[in-house]
Structures are given as C-alpha cells and as structure tokens.
1. Fewest Cβ neighbours within 10 Å first, please rank S75, S137 accordingly.
2. State the Cα centre-to-centre distance between the stretch 1-75 and the stretch 83-105 in whole Å.
3. In which sequence would T8, T149 go, from the one with the fewest C-beta neighbours within 10 Å to the one with the most?
4. Before anything else, pin down the relative contact order of the chain: Cα pairs under 8 Å, at least 6 apart, normalised by residue count, whole percent.
5. Restricting to DSSP H runs of at least four residues, report the calculated mean residue ellipticity at 222 nm for the chain, -39500 (n - 2.57) per run over all residues, nearest 500 deg cm²/dmol.
6. Within the chain, what is the number of lysine pairs with alpha carbons under 22 Å apart, leaving out pairs fewer than eight places apart on the same chain?
7. Once the piece of chain linking L174 and H45 is laid out straight, how much longer is it, given 0.36 nm per residue of separation minus the C-alpha distance between them?
8. Evaluate the charge dipole of the stretch 10-175 about its Cα centre and quote only its size in Debye, nearest 20, assuming +1 on the Cβ of each Lys and Arg and -1 on the Cβ of each Asp and Glu.
Amino acid sequence: MSSDSKQTRAIFFDRDGVINARILGGYVRHWNEFELLPGVAEVLHEIKNRGLLAIIITNQRGIGLGLMSESDLHSVHNELQKTLRAQAGVTFDDIIFCGDIDDRPGRRKPAPTMLLEAAERWNIDLPNSWMIGDSMSDIEAGARAGTKTAYLVTQHSEEIPRATKIIHDLKELLEFI
Ligand SMILES: [Mg+2]
C-alpha cells in the first residue's frame, strides 16, 4: 500500500486513567464500575469535528487472568459508546484491546502492535498522529509506532516520561493536535 493523501490522522487513547477512572489494583469488569472522566465527551466531539480518527488502545490483563471475559469487556465498551453517542453525538472509531497477561507475545503495550494494527486497518498517518496515555508503556508504544505522544499527568504519576507533550487535563489536547 502506498502512503498517500488519503491517509488519516488519528488520536489514540489509552483507556484506564484517561477515558475512565482507574481502579487501583483492580479491573473494570462491569459498566457499573466504569467512571467516565470529565471532558472526554467534549474532547471526542471536537476530534470528530476536525475529521480525525479517535481510537482506544487498551491493555486488559484481567481477561488473561480470568477475572473477566472478552464478552464482559465488549459490553462495557458497548455501554461506553452508547453513553458518548447520547452525550456528544459521537463514538470512538475503534477500540483495540489486548487481554494477554505478560509482554511475551508482543502485543501488549509497550509493544506498538495494536497501534500498527489500527494503522493498517484505517490507513493512518502515524507520524502525524498522537498517542495519549497516563503510563510509561503508552508513551513507549506510541514512540515505537512512530506517533507523537502526550503524557497525561494524574495523581498516580510517579516518573514523568519523555513525551512530545505533557498535559494535566485532556482538553489541553485540543490546543496542539
Ligand atoms: Mg492508563
């Protein structure tokens, strides 16, 4: 496939800690445990307004650990999309997850695999796209896929990684993407 002007820019989002509140030491297994963070619907609406793709890239180790099933995960994501459609009239274009327990198979972040899968599926212009996350592994995955990266500082942040941008609120994205 040749890279041409039909390529689209994408904003890749980590999920836990960026889209919804993290459950420390646990997993969101049901929709009633999913706390959508403020600003997400608004930011997504603006991203879609600008003609960009919005894609979630998420490690969901709880599946590999047997704490939840893929079908549990799909129902959480269906409810998320329904809620965003109701709140902002838009949805994420894609949600790509990895249920593996460890890094060995090479698909979990910090591997760039899921971003590369998305790029192939949606014909994405990676160097002009952004990966947004609250973990080192998100920033590493983005960098290895060749995207720009934005690190979201949260109350759980310990070390701030070297990223293209450091943000403290998701809405700051709208200033530079
Ligand atoms: Mg996270």
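1. S75, S137
2. 4
3. Arranged by neighbour count, lowest to highest, T8, T149 become T8, T149.
4. Computed over the chain, the figure is 24 percent.
5. -9000 deg cm²/dmol
6. 11
7. Taking L174 through H45 to full extension adds about 45.4 nm, to one decimal.
8. That gives the stretch 10-175 a dipole magnitude of about 220 debye.
Any read-out appearing in this document is the output of simple, stated calculations on the displayed coordinates, not a laboratory observation. Because the structure is predicted, anything quoted here is derived from the model rather than measured. FYI the Cβ positions are ideal-geometry reconstructions off the backbone, even for glycines, and counts take in every protein chain you see.
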